[in-house]
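The values are calculated or read from the model by the stated rules, or taken from the named source; none is laboratory data. Only a predicted model underlies this, so the values are computations on that prediction, with no experimental measurement involved. When we count neighbours, we look across all protein chains shown, and the Cβ atoms used for this are built from the backbone with ideal geometry, even at glycine. Heavy atoms of the whole protein, side chains included, go into the accessibility calculation; ligands, DNA and RNA do not. Shrake-Rupley method; radii C 1.70, N 1.55, O 1.52, S 1.80 Å.
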Amino acid sequence: MPRRDMALDKWIEVAKAREAELKDAVRRFVLEHCPHGDVVLFGSRTRGDDHALSDWDIPHN
C-alpha cells in the first residue's frame, strides 16, 4: 500500500479544523454581495461528494 503524503494529511487536518470558520466566511460573503437574490452553489459541495479539501464554487459577476 502506498504511503500517503504527510503534507496532504496536514492540509486535511487544517481544513477540518477550519470548517466552521470557512462556512461562516462564505455565509458573510453571500449576505454582503447577494442580499436580495438567490445564490446557487455548484460542484462537489452541491452534489454532496465534497471532502475536507473541496473548494467553494461560487460564480460572481
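A count restricted to segment 45-61 and to residues that are modelled with pLDDT under 80, surrounded by 12 or more Cβ atoms within 10 Å (Cβ to Cβ) and in contact with a strand residue (DSSP E or B) (Cβ under 9 Å, 6 or more places away or on another chain) stands at 2. Among the residues of segment 30-44, the ones that are at pLDDT 85 or above and open to solvent by 80 Å² or more (accessible area, probe 1.4 Å) come to 2 in all. Contact map, segment 17-40: residues that are part of a helix (DSSP H, G or I) paired with residues that are open to solvent by 90 Å² or more (accessible area, probe 1.4 Å) and of a type outside the set (A, V, I, L, M, F, W, C), Cβ distance under 7 Å, separation 6+ or inter-chain. Pairs shown: H33/H60.
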